[in-house]
Amino acid sequence: MMQSEALEILKMGHNVFLTGPAGSGKTFVLNKYIKHLKQKGTKFGVTASTGIAATHIGGVTIHSWSGLGVKDKLSEKDLKKILRKSYVKKRFRGNEVLIIDEISMLNSFQFDSLNKICQMFKMSEEPFGGMQIVCSGDFFQLPPVKRNGDEKFVTKSEVWNKMNLKVCYLEEQHRQQNDGLLNFLNHIRQNNPARAREVLSALAINKENPFTILTKLYTHNADVDVINSRELEKITGEPMVYDMKWVGNKNVVDLLKRGCLAPEKLSLKKGAKVMFVKNNFDAGYVNGTLGEVAYFDVDDGLPVVSTYDGKTIKAGLVTWTIEEDDKVKAQVDQIPLRLAWAITVHKSQGMNLDSAEIDLSKCFEEGMGYVALSRLRSLNGLKLNGINGMAFAVSSEAVELDKKLKMMSQAAVEELRKVSGTKVSEKISEKKLSCQICGRPIRHRGNCLKCNILNKKLKTDAN
């Protein structure tokens, strides 16, 4: 499916699962749809399964947005407690669209619990209370975090098959160059690690990496910390040290510290390789922007970073918060940087890299190697230090599911092409109608499912 076709289906108001290989433009399409919703004045929520993923689309975690928190399953007592949270109630009031990115890392229990929360706030038995749900992700990438041992993809949830989903499987490629990398990654997606190794070996013969290695990707935090500390020590001079400041409930503060990615004690020197860990579009950086410390401001001592895309950015203090009932429960303040000679594979998700030195010798989960290698734009930018038996492994369930998703996407394309331009416009305009009593979107020619009455004026307008 083309990006333009996926965007058209989204605009028609369908529940959508947006998927496709790394680099196919899923985040691009989401951002285009978000822009469309803003232009239409539609209220929507932008979320993701992890904090890192949420920053790529300017959102928050689905756990925070919905009040779900860290639990998988919710009791009636839990649901009633969430219902009393005014800040969550405010998010749902008038909300018509809910976007959830990196859905592969959300498990089936959480997805069903989220459905119950939405139904409760929207006072509707429809899936997710009748809101348009837009899920995005790739099941070949990182799976749900294992805590209980029985975590399953969201496709195994009770609500998944009740949503009347349109699958939009993007097949264009906007990251990788046609130098063998796509072929290599496709062998991994087809669960053919032996063939992937053969292709990689053949392509690596007599090739020297023409790039300066900018980023090292490792699977474990311990390896990353050792490399970053060692590289910083190689630079002469005393470091500038920035200590994180925080206020609020200790447990909530600890949760916020782990999620913000900025270190409690940030030590920097001129020439240190760094990565921004927060979005600030006005300042010219996003989470994942790489560069080097050029100098320190003589007036306030703040670091000035020369990014690898040619910008010069002064990294000022920023704030991360967790709010509840419209009150700040925890707040941390820190320079939004971390050392970036090396980063973990988990933190690399969503990045585009010209070059990387990757060590997959300690891979411990399916999809980890695929995530790391698919960050690259070209195999010419790859320096592979090591692999193990898990390096090219992907979920066998994902392989079978992928075949089904492609078929469903093709059916959605064929259905879209049968619809005339006039009918598409009617469906889009109908999605904008709202009940004059409850304010809920009306999709059935003037009939409000919540109030169970016919809005005659709206029906006339629709016709």
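Only Lys, Arg, Asp and Glu count, each charged at its Cβ (+1, +1, -1, -1), so figure out the dipole size of segment 243-334 about its Cα centre, rounded to 20 debye.
For segment 243-334, the charge dipole is close to 380 debye.
Pop a pseudo-label 7 angstrom from the Cα along the beta-carbon direction at both Glu126 and Glu238 and give the gap in nm to one decimal.
Output for this residue pair reads 6.4 nm.
Roughly how many Å² of Val70 are accessible to a 1.4 Å probe, to the nearest 10?
Near enough 110 Å² of accessible area.
Any aspartates and glutamates with Cα under 17 Å of the Lys162 Cα? List them, leaving off those in the same chain fewer than 8 positions away.
Asp112, Glu125, Glu126
Which stretch or stretches of segment 266-281 have amide N atoms under 18 Å from the point lying 7 Å from Ser229's Cα along the Cα→Cβ direction?
266-269, 273
Applying the Karplus parametrisation 6.51 cos²θ - 1.76 cosθ + 1.60 with θ = phi - 60° to the phi angles of segment 113-126, what ³J(HN,Hα) value in whole Hz is obtained for each residue in order, glycine and proline being reported as x?
Whole-Hz 3J(HN,Hα) from phi for segment 113-126: 5, 4, 4, 4, 4, 5, 4, 5, 6, 8, 6, 8, 8, 5.
Sorted by mean Cβ packing within 10 Å, highest first, what order do the peptides 74-87, 336-349, 22-35 take?
Result, highest mean Cβ count within 10 Å first: 336-349, 22-35, 74-87.
Considering the zone a paramagnetic label at Asp282 would reach in this model (a point 7 Å from Cα along the Cα-to-Cβ line), which residues of segment 307-322 have amide N under 14 Å from it?
Residues passing the 14 Å test: 316-319.
Which aspartates and glutamates have a Cα less than 20 Å from the Cα of Lys26, not counting those fewer than 8 places away in the same chain?
Qualifying aspartates and glutamates at Cα under 20 Å: Glu5, Glu8, Asp101, Glu102, Asp138, Glu171, Glu172, Asp354, Asp402.
Rounding to the nearest 20 debye, state how big the charge dipole of segment 41-132 is about its Cα centre with +1 on each Lys and Arg Cβ and -1 on each Asp and Glu Cβ.
600 debye
If the chain between Val145 and His220 were fully stretched, how many nm would it gain, using 0.36 nm times the residue separation less the Cα-Cα distance?
Contour length minus the Cα-Cα distance gives 25.5 nm.
Based on the Cβ-Cβ distance from Leu317 to Asp254, what FRET efficiency comes out when R0 is 25 Å, to the nearest 0.05?
Approximately 0.80, to the nearest 0.05.
Once a ≥ b ≥ c are taken as the square roots of the eigenvalues of the Cα gyration tensor of segment 276-403, is the result rounded (a/c under 1.5), prolate (a/b larger than b/c) or oblate (a/b not larger than b/c)?
Oblate.
Run the simple label-point estimate for Asp299 and Gln190 please: 7 Å along Cα→C-beta, distance reported in nm.
6.0 nm
Could you tell me whether segment 64-134 comes out rounded, prolate or oblate from its Cα gyration tensor? Rule is a ≥ b ≥ c as square roots of the eigenvalues, rounded for a/c under 1.5, then prolate if a/b exceeds b/c, otherwise oblate.
Note, shape of segment 64-134 comes out rounded.
The values are calculated or read from the model by the stated rules, or taken from the named source; none is laboratory data. The structure presented is a predicted model; accordingly, all values stated were derived computationally and were not measured. In this analysis, Cβ positions are derived from the backbone assuming ideal geometry, glycine residues included, and neighbour counts consider all displayed protein chains. Side chains are part of the model used for accessible areas, which takes the heavy atoms of the whole protein and leaves out ligands, DNA and RNA. Shrake-Rupley method; radii C 1.70, N 1.55, O 1.52, S 1.80 Å.
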